[in-house]
Amino acid sequence: VGPTIAAGEILVEIMATDRGLGFLEPLTLVGPYPSGAPAIFIDQVARLGGSAGLIGCVGRDDFGTINLERLQRDGVDVSAVAVSDRYPTGSAFVRYRPDGGRDFVYNIAESAAGQIRLTHEARQLADRAGHLHVMGSTLSVAGLRDIVAYATKAVRARGGSTSFDPNVRKELIDGADGTQFSALVDDADLLLPSGEELLTAAGVDDECQAVKALIARGVGEIVLKRGAAGSSRFAADGSRIDCAGFLVEEVDPTGAGDCFGATYLTCRRQGMEPGKALFYANAAGARNVTRRGPMEGVTGFDVLDGFIAGTQRAT
Ligand code: ATP
């Protein structure tokens, strides 16, 4: 029992509308959209009816306001989101390459998001949490590492659980300590990597070997994200479930992984069996990519059920 909590960057995202153009020349941008992987994740938890809280920091500006208003409207406890008078809300600029890859320009370290601290309010939220979701960006902000260390202990002391989404953005974790990354992997009851991240986490180049190695290291459950192809779930008892993706036209891939992870976790915390939770998670990830803006595709069960009923799946 107790809310699901996440900690980390709350940002606005501003994105290029055309694929293929770099930031070296003028291009058309749209935004700001509420963003930041932990914010997207926790908003989706709340939209599915889960009790949810976020630890973060925004500036006292319009970029902070659009995030706080969205999170509050969707039912997220923002009592542990500090508001800085000194630093502006962080931002991320994203452009899409023709091959589907993405490039980001982040303003986090010198923004409010870089000022995140283990405050009294953060401790209070962590002390009553039932689940902690950790993200790869933890590696890049010192204050965030303190929060994750404290909250992991607090959640475990109450018999709660943790999940880790490596969410590797090379722009954010370049130079990060490999030992710290391994520790976050080893600490996770549920690991939510995408393909490459699974191999990086295990330090091998074969999927089956990677799963075996991580389970042997104590990871309880691995849910692997495969983009348009769907997802797979591997458990410590050796079982495996594959779930095909939904056929959609991708408009904006950013945020799919967070929506997916939040949906899987929330369904499981609500007592749903793994195969069904994976199915809902696939639907949430697929629907998210049909909307422009990372947090614009988060949604509740009513919309997800309609999406599932009206959308074909890959075979
Ligand atoms: P991000 O880093 O952008 O948040 P990710 O790399 O962590 O994403 P993805 O594998 O891209 O995660 O997406 C998560 C899930 O969302 C997939 O496992 C799949 O279920 C769904 N999904 C993502 N992209 C598509 C797509 N183009 N078509 C259908 N489903 C998709």
Item to check | Residue selected from the range 126-138 under the condition of a type outside the set (A, V, I, L, M, F, W, C) and not in a loop (DSSP other than H, G, I, E, B), by the criterion surrounded by the most Cβ atoms within 10 Å (Cβ to Cβ) | outcome: HIS133
Checklist entry - Here are GLY100, GLY75: which of them is without any contact (Cβ under 8 Å) to a residue 60 or more places away in the chain and surrounded by fewer than 22 Cβ atoms within 10 Å (Cβ to Cβ)? => result GLY75
Checklist entry - Quick one: would you say GLY130 is in contact (Cβ under 8 Å) with a residue 60 or more places away in the chain and on the phi > 0 side of the Ramachandran plot? => result no
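Got a number for residues in the range 221-241 being closer than 15 Å to PHE260 by Cβ and either touching a helix residue (DSSP H, G or I) at 6+ places or on another chain (Cβ under 9 Å) or within 7 Å of the ligand (Cβ to nearest atom) (or both)? Steps first, answer last, please.
Keep residues of the range 221-241 that are closer than 15 Å to PHE260 by Cβ, which gives 221-233, 241.
With the extra rule that they be either touching a helix residue (DSSP H, G or I) at 6+ places or on another chain (Cβ under 9 Å) or within 7 Å of the ligand (Cβ to nearest atom) (or both), the set shrinks to 221-228, 230-233, 241.
Count: 13.
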Next on the checklist: Tell me which helices (runs of 4 or more DSSP H) are completely within the range 160-279 and hold 3 or more residues being within 18 Å of the chain's Cα centre (by Cα), or say none if there are none.
Outcome noted: 170-173, 178-187, 195-202, 256-269
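Please tell me if ILE241 is in contact with a Lys or Arg (Cβ under 6 Å, 6 or more places away or on another chain) and either among the β-branched types (Val, Ile, Thr) or within 24 Å of ALA16 (Cα to Cα) (or both).
Yes, satisfied.
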Checklist entry - Does ASP186 fit the bill of being within 16 Å of the ligand (Cβ to nearest atom), surrounded by 14 or more Cβ atoms within 10 Å (Cβ to Cβ) and charged (D, E, K, R)? => result no
Checklist entry - If only one of LEU199, LEU191 is touching a residue at least 24 places away in the same chain (Cβ under 8 Å) and closer than 26 Å to LEU132 by Cβ, which one is it? => result LEU191
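Here's the yes/no breakdown for (1) surrounded by fewer than 17 Cβ atoms within 10 Å (Cβ to Cβ); (2) at pLDDT below 95:
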residue: ARG240; (1), (2): yes, no
residue: PHE246; (1), (2): no, no
residue: GLY261; (1), (2): no, no
residue: TYR264; (1), (2): no, no
residue: CYS267; (1), (2): no, no
residue: GLN270; (1), (2): yes, no
residue: ASN288; (1), (2): no, no
residue: GLY293; (1), (2): no, yes
Checklist entry - On the given criteria, is VAL12 under 18 Å from ASP258 (Cα atoms) and surrounded by 17 or more Cβ atoms within 10 Å (Cβ to Cβ)? => result yes
Item to check | Unmet requirement for THR311, which otherwise passes all of (1) in contact (Cβ under 8 Å) with a residue 60 or more places away in the chain; (2) within 14 Å of the ligand (Cβ to nearest atom); (3) of a type outside the set (D, E, K, R); (4) within 19 Å of ALA37 (Cβ to Cβ) | outcome: (4)
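The values are calculated or read from the model by the stated rules, or taken from the named source; none is laboratory data. From a predicted model like this one, the values you see are computed outputs, not experimental measurements. Using ideal geometry, Cβ is built from the backbone for each residue, glycine included, and neighbour counts are taken over all protein chains shown.
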